[in-house]
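Engineer: Following this message is one structure expressed as structure tokens.
What follows is calculated from the coordinates using simple rules that are stated; it is not laboratory data. Here the structure is a predicted model, which means the values were calculated and not measured. So basically every Cβ, Gly included, is an ideal-geometry build from the backbone, and we count neighbours across all protein chains shown.
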Amino acid sequence: MKASSTCKHLKVALLFSLLLIFGFAVTVAVSDAESVTKTKAKTMVAAATQAAPAPAKKSEKAEAPKIDPTDTTSVIYLDTAGKPAGVGDPNKPPSMAYKAGRGWHPQALAAQGLPKDRYGLIDWARIVRENLVKPRFSLNPEDDEMPPLKMDVLITAKGDFVNDVIYPHEMHTFWLKCEICHATVGGPIFIPVKGSNDMSMVGIVQGQWCGRCHGKIAFPLTDCSRCHTSPKKAASK
Amino acid sequence: MRVKAGILIFALLLAAVPSTGLAAIGTIRFDDKIESMKKAGVGPVMFPHDKHEKTNKCDECHPKIFKDKRGENNISMKLNMEGKFCGSPNCHNSPKAFPLFQCASCHTGVKAVKKN
């Protein structure tokens, strides 16, 4: 009698747990299926949002076929607002937008076939290295021309592993005057003495130091290895 | 007696099921390199394994990118920047996920820096 009642209890218990396992398996399968469809929807949304924030590029693509690349002088370039920003003929006087120091020429840039970096952005540093442009030194013809300053400064990165940074004056002073960094309105971005600027990567990401320009008018911070070029000494690997 | 034994087996089975097949890994904390992180002004990394399980298959990460054992990977920011681990080419070094310069998305304790 007693033995058979134990058996009964055991059987009931096993049955219950089997049911439970089955239940678990079903819910897992269902939630898996759900998450798959969800990620699909997500990636689609991501694709849509990625396309959205690049209106300049879009118009570039849409407008590109209308430009005759063989005759750049006849082209009138529009800025992103649709106003004339300049003409393709270097001998014609520059437009009002150009005089005001404004005017973005997406089509003009696209038509030139300038080299791009791995993010599809124009690689202004390579343009300098390959001598592809010859910008005027200054809008003011009185200004004395000054060659770029050939001076690299080593900036040590805090921490034990990340490569140190070599800051190249030459590339910067091709494009920029000393005052832009060393005598900036509202306080210099950098004091021109090695190691006297308490920089940090966290600050740079928040738009200070190198982050005043990089990610805005110069190559983006995503490109870590373009700044972090000098390996730390073998002592800490 | 017999009833109790039945209930015990039942309870054991109930506990065993989730702890084997369905154990959730949840969030993994990385702080091996805490000394280096302190110098850089960032805190430990909290890695949401559960979130990644939903968007990626196990074999996209294990064992190609990460060994599936806690503390066995020797991740560093240097290697992330060189395209390994978190910074693998299809991950936080691509448009598919947020970029590596968003320190605060991975590291805890990133403070706002005042100056200028």
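Engineer: Please tell me which of these pairs span more than 27 angstrom C-alpha to C-alpha: A:LYS233/B:LYS69; A:LYS216/B:LYS51; A:LYS150/B:LYS96; A:LYS158/A:LYS194?
Structural biologist: The pairs that break the limit, which is 27 Å between Cα atoms, are A:LYS233/B:LYS69; A:LYS216/B:LYS51; A:LYS150/B:LYS96.
Engineer: Quick check for me: using +1 on Lys/Arg Cβ and -1 on Asp/Glu Cβ, what's the dipole size of the range B:25-105 about its Cα centre, in debye to the nearest 20?
Structural biologist: 100
Engineer: For the residues A:LYS134, B:LYS64, what sequence is obtained by ranking on other C-beta atoms within 10 Å, fewest first?
Structural biologist: Going from least to most buried by this count: A:LYS134, B:LYS64.
Engineer: May I pose another question? Taking 1 over the mean of 1/r across every pair of different Cα atoms in the range A:102-218, what Kirkwood radius in Å do you get?
Structural biologist: Here the Kirkwood hydrodynamic radius works out to 16.5 Å.
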